[in-house]
1. Residue under question is Val195, and the condition is that it be assigned to a strand (DSSP E or B) and buried (at least 19 other Cβ atoms within 10 Å of the Cβ); does it hold?
2. Name the single residue that is surrounded by the fewest Cβ atoms within 10 Å (Cβ to Cβ) among those in the range 207-238 being at pLDDT 95 or above and among the aliphatic types (A, V, I, L, M).
3. Are any of the residues in the range 46-60 modelled with pLDDT of 90 or more, exposed (fewer than 13 other Cβ atoms within 10 Å of the Cβ), within 28 Å of Leu233 (Cβ to Cβ) and of a type in the set (Gly, Ala, Ser)?
4. Right, Trp187: at pLDDT 95 or above, under 19 Å from the mean Cα position of the chain (by Cα) and either within 15 Å of Ser50 (Cβ to Cβ) or charged (D, E, K, R) (or both) or not?
5. Is at least one residue of the range 129-145 assigned to a loop (DSSP other than H, G, I, E, B) and within 20 Å of Ala251 (Cα to Cα)?
6. Residue under question is Pro121, and the condition is that it be of a type outside the set (A, V, I, L, M, F, W, C) and within 12 Å of the chain's Cα centre (by Cα); does it hold?
7. Does Phe98 satisfy the criteria of being under 23 Å from Val250 (Cα atoms) and touching a strand residue (DSSP E or B) at 6+ places or on another chain (Cβ under 8 Å)?
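The values are calculated or read from the model by the stated rules, or taken from the named source; none is laboratory data. Just so it is clear, the model here is predicted, and its values are computed rather than measured. Backbone-built Cβ (ideal geometry, glycine too); neighbour counts: all protein chains shown.
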Amino acid sequence: MVLVPALAFSPVALGRSKRPQQAPAVKDQKSAAVKGQKTAPSAAPRHDLSGTWEPANGPSDGIQPDGVKAMPNDGKPEHQLPYTPYGLQTYKSHHALFGPDENLPEFNNDPRDKCEPLGFPRMNFYNLRETQILQNEYKVAMLYEYGTVWRVIWTDGRELPKMVDGGVAVGGEIKEPRYYGYSVGKWVDDTTLVVQTIGMMGEDRVWLDTAGRPISDQVRVEERIHRVDHDHLEWTVTIDDPKIYTRPWVAMNKFPMKLENSTAHPRRWRDIIKSLLLPQASRPARRRNDSLRGWARDDRASNQLTSLRERYSRRRPRQ
């Protein structure tokens with residue numbers, strides 16, 4: 001898969017993410033390194049998560065074969081989840097290939113193996129690899145390397161949709177559940193984005209993790225993405241699903257990611273995703289209450305991006 005450099009998509013925001021280019025500062029850092037002294041990391045830019053990120057402790061840290069990182073399904077008492085009676089019944093109906101209740105492959109019923117999308121939040125808990133974050137003043141887009149999928153987090157001030165029977169209420173209409181839900185984010189300080197996501201598929205279509213833990217269509221996921229400094233961020237995910245669990249619990253606790261230095265990507269990708277994610281210069285600014293139109297365009301753009309990715313990857317010359 002080819003990941004697109006974030007620099008191409010948010011020139012204003014990403015300009016703030018660049019390292020200082022002043023020669024004296026670089027010289028001082030080199031001198032300190034020669035003397036064996038640790039240099040202080042560059043400060044995190046304000047309201048900017050853009051860049052290509054990877055697990056700071058190595059690629060294997062994001063695989064999570066035993067379930068979510070903070071609460072693996074390893075049989076230890078401290079990692080037992082607070083199931084409701086229905087939640088426990090649902091978990092026992094899942095025949096996973098991993099964990100203390102693992103099954104033989106012929107009994108596996110993971111939706112992933114039936115060509116179903118992983119969905120959210122499982123996308124955060126399954127082979128979390130390089131993840132590119134693009135943003136502008138209206139939204140943040142997260143592109144996952146595994147499965148070449150992406151999701152949009154709206155940051156234009158809109159309210160989170162309301163959960164109703166059969167889906168969510170958006171702009172006076174009932175919208176169906178989606179594999180990656182409906183996400184709205186708000187900056188709670190200069191370097192922390194808090195994201196709320198609802199409206200995912202039910203327990204018969206998606207799992208929470210590889211170990212077979214369930215979620216339902218009533219789940220509400222909170223992500224706190226905190227950029228510690230220029231080169232590092234921490235990712236925390238909390239699961240709140242009253243249908244499956246008796247209380248909210250933390251699935252990923254300050255999971256460390258580091259900024260990858262990569263610039264060798266085709267110009268064509270920059271133009272493709274720029275056209276999908278950024279508003280045209282001639283287009284009037286989006287009204288904050290124009291939420292229904294935004295959700296619909298999100299679906300269309302996702303389909304376009306997937307098609308363009310597949311078409312372009314077939315045309316790329318062999319290296």
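1. Yes.
2. For the range 207-238, the residue satisfying everything is Val228.
3. Among the residues of the range 46-60, at least one is modelled with pLDDT of 90 or more, exposed (fewer than 13 other Cβ atoms within 10 Å of the Cβ), within 28 Å of Leu233 (Cβ to Cβ) and of a type in the set (Gly, Ala, Ser), which makes the answer yes.
4. Here the answer is yes, as Trp187 does meet what is asked.
5. The answer is yes; a qualifying residue exists.
6. The answer is yes for Pro121.
7. Criteria not met by Phe98.
Rundown of residues vs (1) at pLDDT below 95; (2) over 23 Å from Gly212 (Cβ atoms), yes/no style:
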site: Asp74; (1), (2): yes, no
site: Leu88; (1), (2): no, no
site: Asp101; (1), (2): yes, no
site: Gln132; (1), (2): no, yes
site: Glu137; (1), (2): yes, yes
site: Ala141; (1), (2): no, yes
site: Pro161; (1), (2): no, yes
site: Val168; (1), (2): no, yes
